[in-house]
Amino acid sequence: MTVRVRFAPSPTGQPHIGNIRTVVFNWLFARQHGGQFIIRVEDTDRTRYVPDAVNVMFNSLRWLGLDWDEGPDVGGPHGPYVQSERLPIYREKAQELLDKGWAYRCNCSPERLERVREEQRARGEMIMYDGHCRDLPANAISPDEPHVIRLKMPREGQTQVHDMLKGEVVFENSGIDDQVLLKSDGFPTYHLAVVVDDYLMQITHIIRGDDWLSSAPKHVTLYRAFGWELPEFAHVPLVLGADGRKLGKRHGAISVAEFERQGYLPEALFNFLALVGWAPGEGVDQEVFSREELLQRFDMKRVNLAPAVFSYEKLDWMNGVYIRALSPEALMERLIPFWQDAGLVPYPVTTESLAQLQVMTPIVQERLKVLKDVVPLTDFVFADIPTPAPEALIGPKMTAEQSLQTLEAVRSLLAGVLNWDAASLEPPLRQLCKDLGLKAGQVLGIIRVATSGKEVAPPLFGSLEALGRHATLQRLRRAEDALAASIQQASPA
RNA sequence: GCCCUCAUCGUCUAGUCUGGUCAGGACACAGGCCUUUCAAGCCUGGUACAUGGGUUCAAAUCCCGUUGAGGGCACCA
């Protein structure tokens with residue numbers, strides 16, 4: 001039988017990194033077994049529906065390179081793939097359960113249910129439906145009056161869930177609620193819909209977050225009630241935030257779209273995600289894996305049991321590894337949108353600015369953790385800078401006068417240089433350092449501040465090449481003026 | 001409160017099934033080298049088997065308890 005797995009998101013917001021990690025496991029599992037990966041939208045809660053959520057989710061998956069074989073957009077033989085379009089199926093299945101005696105109608109009011117819960121809380125009892133309507137005669141509640149349909153969970157015995165990772169997990173039936181299967185608005189709850197659809201869509205492996213383990217026995221009971229063969233379950237550990245709690249809305253930059261905006265590479269994020277909760281083991285220390293290697297080595301059975309904290313620091317490191325592995329041309333292509341968004345580079349990239357980008361890209365490459373870092377690192381090349389503070393223009397172990405003289409010497413040298421490129425700039429400047437009896441760090445540091453306004457900037461010679469002769473000389477001149485003025489002020493004649 | 005799951009450096013983890021190598025790697029951190037700043041790279045360093053009891057010649061590894069953490073307990077998914 002061919003492997004069929006699914007990702008079943010509800011369109012209630014942005015997919016976060018924890019959900020996506022679970023999708024990565026699903027996708028890897030499907031692809032390495034030559035199986036199918038299916039997307040099904042679980043939109044049975046009309047009160048929480050977010051209109052654009054499905055598209056955002058599709059975009060995130062595509063960006064990460066996770067493709068699917070069946071789904072709302074591509075269709076497939078088991079559609080529709082949106083639960084709100086499958087209502088008649090759920091009603092029919094609920095009726096079947098009613099007929100078989102595995103379900104019953106319940107017309108308890110929300111108020112009564114709340115009261116019951118209140119009392120249970122007060123007595124420190126387990127909070128669950130009290131069975132008020134469970135044993136009413138079949139015709140006691142008319143199909144025409146508002147009501148819900150509940151699962152008639154056996155009161156005695158146990159239900160076992162076989163989990164690929166945890167083995168046999170046993171639940172006492174007495175602790176399992178008579179779950180609502182069909183709501184009074186005619187929509188199914190998750191529990192009914194998920195079982196019906198997973199069966200009809202012939203899902204063989206249900207790989208989902210550990211937060212579903214508690215409801216797994218209800219699902220197993222439903223499969224039994226219908227007389228359907230059980231799929232394999234794998235409840236994978238949750239991904240926790242830095243505070244050690246389940247990832248949620250309050251955890252900041254956790255949506256995939258946000259990672260994209262910050263300039264993480266999809267292949268790096270994919271690699272990293274695969275390693276959250278899984279490791280190759282067997283003495284293998286490798287952590288950087290191509291998609292193909294992951295496909296080959298990933299092993300569902302080796303997935304960790306303990307929840308993992310998502311480490312942004314390590315992701316940053318891995319992203320840097322992937323950035324450094326890119327060819328300069330490929331990196332530049334990825335960098336351009338970030339430069340443009342920051343307003344540093346014009347929209348159709350002009351020939352001049354392309355030349356600058358070609359110089360800057362290789363010298364910033366090993367300095368980037370995320371693509372967006374390129375903006376603060378290189379902005380001085382594309383936009384004018386404020387004149388640096390005079391104090392910043394004084395070299396280490398140097399006087400203001402000495403620094404001013406250095407600046408002047410540099411400017412007159414650079415004014416006469418024949419070819420304006422990094423390779424032609426470096427030798428004469430180094431020679432100048434010697435002539436002045438100064439260390440390279442002293443002279444170059446002054447030039448750096450004068451031309452970039454920064455203490456920390458990309459390598460100087462390339463930066464000057466990209467800046468151009470005109471802007472370089474102009475900034476040197478301005479720096480001289482500022483320094484001269486401050487010297488003047490400090491010692492009035 | 002009740003149910004379920006889990007437990008190795010700060011973090012991600014290898015090692016646990018098939019007891020016996022100074023408990024290995026990575027990120028982060030500290031120091032050093034390199035060096036035009038910052039990075040990158042290289043070298044060095046510190047830090048972990050939650051706890052109590054068994055079983056055994058021998059326990060991170062097997063068993064029981066405790067503690068801790070996470071998840072769940074809706075006409076949400």
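The values are calculated or read from the model by the stated rules, or taken from the named source; none is laboratory data. Here the structure is a predicted model, which means the values were calculated and not measured. Cβ placement follows ideal geometry from the backbone for every residue including glycine, while neighbour counts extend to all protein chains displayed. Side chains included, ligands, DNA and RNA excluded: accessible areas come from the protein's heavy atoms. Shrake-Rupley method; radii C 1.70, N 1.55, O 1.52, S 1.80 Å.
Per-structure values
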| quantity | calculated |
| --- | --- |
| For chain A, share of DSSP beta bridges that run antiparallel, in % to the nearest 5 | 55 percent |
| Relative contact order (%) - criterion: Cα under 8 Å, at least six apart; region: segment A:390-490 | 41 percent |
| Angle in degrees between helix A:469-490 and the longest Cα principal axis of chain A, rounded to the nearest 10 | 70 degrees |
| Aspartates and glutamates with Cα under 13 Å of A:Lys183, excluding same-chain neighbours fewer than 8 positions away | A:Asp45, A:Glu145 |
| Packing rank of A:72-78, A:356-362, where each peptide gets the mean count of other beta carbons within 10 Å, highest leading | A:356-362, A:72-78 |
| Vicinal HN-Hα couplings computed from phi for segment A:228-240 (Karplus, 6.51 cos²θ - 1.76 cosθ + 1.60; Hz; Gly/Pro x) | 9, 6, 6, x, 7, 10, 9, 9, 8, x, 6, 9, 9 |
| Relative packing of A:446-454, A:367-375, which averages over residues the other C-beta atoms within 10 Å, highest first | A:446-454, A:367-375 |
| Nearest-ten-degree value, helix A:400-416 long axis tilted from longest Cα axis of chain A | 90 degrees |
| Cα gyration tensor, chain A - rounded (a/c under 1.5), prolate or oblate | prolate |
| Whichever lysines have a C-alpha closer than 18 Å to that of A:Lys301, once near sequence neighbours (fewer than 8 apart) are set aside | A:Lys166 |
| Fraction of beta bridges assigned by DSSP in segment A:4-240 that are antiparallel (%, nearest 5) | 55 percent |
| Cα gyration tensor shape for segment A:117-171, rounded if a/c is under 1.5, else prolate or oblate | oblate |
| Nearest-0.05 FRET efficiency for A:Arg245 and A:Arg478, computed from C-beta distance (R0 60 Å) | 0.70 |
| Debye log10 I(q)/I(0) at q = 0.08 Å⁻¹ for segment A:4-240, Cα point scatterers | -0.32 |
| Rounded, prolate or oblate (a/c below 1.5 giving rounded, otherwise prolate when a/b exceeds b/c) for segment A:390-490 by Cα gyration tensor | prolate |
| Portion, in percent, of the accessible area of segment A:4-240 that falls on carbon or sulfur, probe 1.4 Å | 48 percent |
| Segment A:97-115 versus segment A:17-71: alpha-carbon centroid distance in Å | 33 Å |
| Per residue value of the accessible surface for segment A:390-490 (all protein chains in place, 1.4 Å probe), Å² | 48 Å² |
| Distance from segment A:337-383 to segment A:414-447 (C-alpha centre basis), Å | 24 Å |
| Area of A:Lys434 that stays accessible when all protein chains are in place (1.4 Å probe, Å², to 10) | 150 Å² |
| Residue-normalised accessible area of segment A:1-153, given per residue in Å² at a 1.4 Å probe | 49 Å² |
| Accessible-area value, A:Glu114, 1.4 Å probe, nucleic acids and ligands omitted, Å² | 70 Å² |
| Folded to 0 to 90 degrees: helix A:351-364 orientation relative to chain A principal axis, Cα | 80 degrees |
| For chain A, cysteines whose Cβ has no other cysteine Cβ within reach (under 4.7 Å) | A:Cys108, A:Cys433 |
